[in-house]
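Before we start, here is the structure in question, set down as structure tokens.
The values are calculated or read from the model by the stated rules, or taken from the named source; none is laboratory data. Quantities reported herein were computed from a predicted structural model and do not represent experimental measurements. Heads up, the Cβs are rebuilt from the backbone with ideal geometry, glycines too, and the neighbour counts pull from every protein chain shown.
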Amino acid sequence: MTGTKTFRLIALALLCSPVSAGQPPDVVRTTSLSQRGFTEKDFPRVQQVADRVYTFEALTGPPGDRYTTNSMFVVTDDGVLVADGQGSPEDTGRLVAEIRKVSDRPISHVIICSDHGDHTNGNSAFPQDAKFIAHSNSVAALEVAADTGGVRPDAIIDDRLDLTIGNREVQILFFGRAHTGGDLFVYLPEEKVLFTSEVFLNHMFSGYRTAFPREWIDTMSRAEELDAVLLIPGHGFVDNADVLAAEWIEYKHHLQVVLDEVTRLHTEGWSVDEAIEQADFGKYRKWSGADSEGPIGIRRIYAELNGDLN
């Protein structure tokens, strides 16, 4: 990210922070519930982030390292669009129930932004007549998910899809492979709200299981051309716009640090197991998920550098 682009993103965030109530800019940068003053009883949590635009955060993860999985829903006169479901029919059912509290309009569209199970295994809890949209690179994964609570998509896209629902413009965009092969963004151009799914996690170590590490950073750079004001992460707290803009920059930097360190070890001829022992990710080794995802990331980057990903 260039200095000009970075400055513009943060400046916009400081001026236009739709989730600012009760969240000072110096909010503690962590995924820890207790350090944020939360308990599990505070979740699932719904926040209104723009006019008839809401986020839904449900807790997942092991005891002692709980974090949020996030969805977004957009209410229009003709129906409700949802970006990403949850990881179980129970949690997605809670999402549907929260939508019903806000609107009696039908859930008309579900955008599968991440094809991982923690975002798709509850899709069977959505109404059967909703239209499910996914990227072509996600079809194989979603075939598997259909046997574990997921749903096969009704529409497949390769590049972008522009929708008008109840006079509301919604852009479904593919900027390249990143966390998965088929990561989709949902952009509301009038509100400048961008749902990033798992391309961006708020203060959490990246998950590399099916990632394309070198392409991931480029995908984020392409998304920055939208000049979105609010960047909604797929995991980690939905904070106010200025905090999330800063965390986007930090997250992109962490991806580069991990990539550079692993590339160095690979270039020096260390085996992948030796690299796992020696890799130093600096301050990011303390981020939530680093202990489990760090070794996975090293193996994935080695596979990419060896030409084993396609």
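Please find, among T31, T68, the residue that is within 30 Å of L142 (Cβ to Cβ), at pLDDT below 95 and buried (at least 17 other Cβ atoms within 10 Å of the Cβ).
Numbers: T68 fails: at pLDDT below 95.
Exactly one of T31, T68 is within 30 Å of L142 (Cβ to Cβ), at pLDDT below 95 and buried (at least 17 other Cβ atoms within 10 Å of the Cβ), namely T31.
Those residues that are β-branched (V, I, T), modelled with pLDDT of 95 or more and not in a loop (DSSP other than H, G, I, E, B), I need them from the range 108-150; list them, please.
Residues of the range 108-150 β-branched (V, I, T): 110-112, 120, 133, 139, 144, 148.
With the extra rule that they be modelled with pLDDT of 95 or more, the set shrinks to 110-112, 120, 133, 139.
If the condition is that a residue be β-branched (V, I, T), modelled with pLDDT of 95 or more and not in a loop (DSSP other than H, G, I, E, B), then V110, I111, T120, I133, V139 are the ones that fit.
Same structure again: If you check S124 against the conditions, is it out of contact with any Cys (no Cβ under 6 Å at 6 or more places or on another chain), more than 21 Å from P233 (Cβ to Cβ) and surrounded by fewer than 24 Cβ atoms within 10 Å (Cβ to Cβ)?
Details: out of contact with any Cys (no Cβ under 6 Å at 6 or more places or on another chain): yes; more than 21 Å from P233 (Cβ to Cβ): yes; surrounded by fewer than 24 Cβ atoms within 10 Å (Cβ to Cβ): yes.
Taking the combined requirement at face value, the residue satisfies it.
Report yes if G207 is touching a helix residue (DSSP H, G or I) at 6+ places or on another chain (Cβ under 8 Å), surrounded by fewer than 23 Cβ atoms within 10 Å (Cβ to Cβ) and not basic (K, R), otherwise no.
On the way: touching a helix residue (DSSP H, G or I) at 6+ places or on another chain (Cβ under 8 Å): yes; surrounded by fewer than 23 Cβ atoms within 10 Å (Cβ to Cβ): yes; not basic (K, R): yes.
Answer is yes for this residue.
Related question: Restricted to the range 273-301, and to residues that are touching a residue at least 12 places away in the same chain (Cβ under 8 Å) and exposed (fewer than 14 other Cβ atoms within 10 Å of the Cβ), which residue is nearest to A223 (Cα to Cα)?
So in the range 273-301, the residues touching a residue at least 12 places away in the same chain (Cβ under 8 Å) come out as 275-276, 278-282, 284, 287-290, 293-301.
Subset that is exposed (fewer than 14 other Cβ atoms within 10 Å of the Cβ): 278, 280, 282.
Numbers: Q278: 33, D280: 28, G282: 26 Å.
That would be G282.
Answer yes or no: is there a residue in the range 41-51 that is assigned to a helix (DSSP H, G or I) and of a type outside the set (F, W, Y). Break it down stepwise before answering.
Taking the range 41-51 as the starting set, the residues that turn out to be assigned to a helix (DSSP H, G or I) are 41-42.
Narrowing the set further to residues that are of a type outside the set (F, W, Y) leaves 41-42.
Yes - at least one qualifying residue is present in the range 41-51.
Can you tell me which condition A13 does not meet? The list is (1) surrounded by 14 or more Cβ atoms within 10 Å (Cβ to Cβ); (2) modelled with pLDDT of 95 or more; (3) of a type in the set (G, A, S); (4) out of contact with any Phe, Trp or Tyr (no Cβ under 6 Å at 6 or more places or on another chain), and all the others hold.
Of the numbered conditions (1) surrounded by 14 or more Cβ atoms within 10 Å (Cβ to Cβ); (2) modelled with pLDDT of 95 or more; (3) of a type in the set (G, A, S); (4) out of contact with any Phe, Trp or Tyr (no Cβ under 6 Å at 6 or more places or on another chain), the odd one out for A13 is (2).
A follow-up question, please. Tell me the residue from A97, A83, A58, A50 that is within 20 Å of the chain's Cα centre (by Cα) and either surrounded by fewer than 16 Cβ atoms within 10 Å (Cβ to Cβ) or over 20 Å from A145 (Cα atoms) (or both), please.
Working: A97 fails: within 20 Å of the chain's Cα centre (by Cα); A83 fails: either surrounded by fewer than 16 Cβ atoms within 10 Å (Cβ to Cβ) or over 20 Å from A145 (Cα atoms) (or both); A58 fails: either surrounded by fewer than 16 Cβ atoms within 10 Å (Cβ to Cβ) or over 20 Å from A145 (Cα atoms) (or both).
Residue meeting the stated conditions: A50.
Going through the range 167-179 one residue at a time, which ones are at pLDDT 95 or above and either on the phi > 0 side of the Ramachandran plot or of a type in the set (A, V, I, L, M, F, W, C) (or both)?
Within the range 167-179, V170, I172, L173, F174, F175, G176, A178 qualify.
Being among the hydroxyl-bearing types (S, T, Y) and in contact (Cβ under 8 Å) with a residue 60 or more places away in the chain: is that true of T92 here?
Values: among the hydroxyl-bearing types (S, T, Y): yes; in contact (Cβ under 8 Å) with a residue 60 or more places away in the chain: no.
So T92 fails the test.
Let's see how each residue does on (1) over 25 Å from G207 (Cβ atoms); (2) surrounded by 17 or more Cβ atoms within 10 Å (Cβ to Cβ); (3) within 19 Å of the chain's Cα centre (by Cα):
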{"position": "H135", "(1), (2), (3)": "no, yes, yes"}
{"position": "A146", "(1), (2), (3)": "no, no, no"}
{"position": "R152", "(1), (2), (3)": "no, no, no"}
{"position": "D159", "(1), (2), (3)": "no, no, yes"}
{"position": "L163", "(1), (2), (3)": "yes, yes, no"}
{"position": "G166", "(1), (2), (3)": "yes, no, no"}
{"position": "F175", "(1), (2), (3)": "no, yes, yes"}
{"position": "H179", "(1), (2), (3)": "no, yes, yes"}
{"position": "D183", "(1), (2), (3)": "no, yes, yes"}
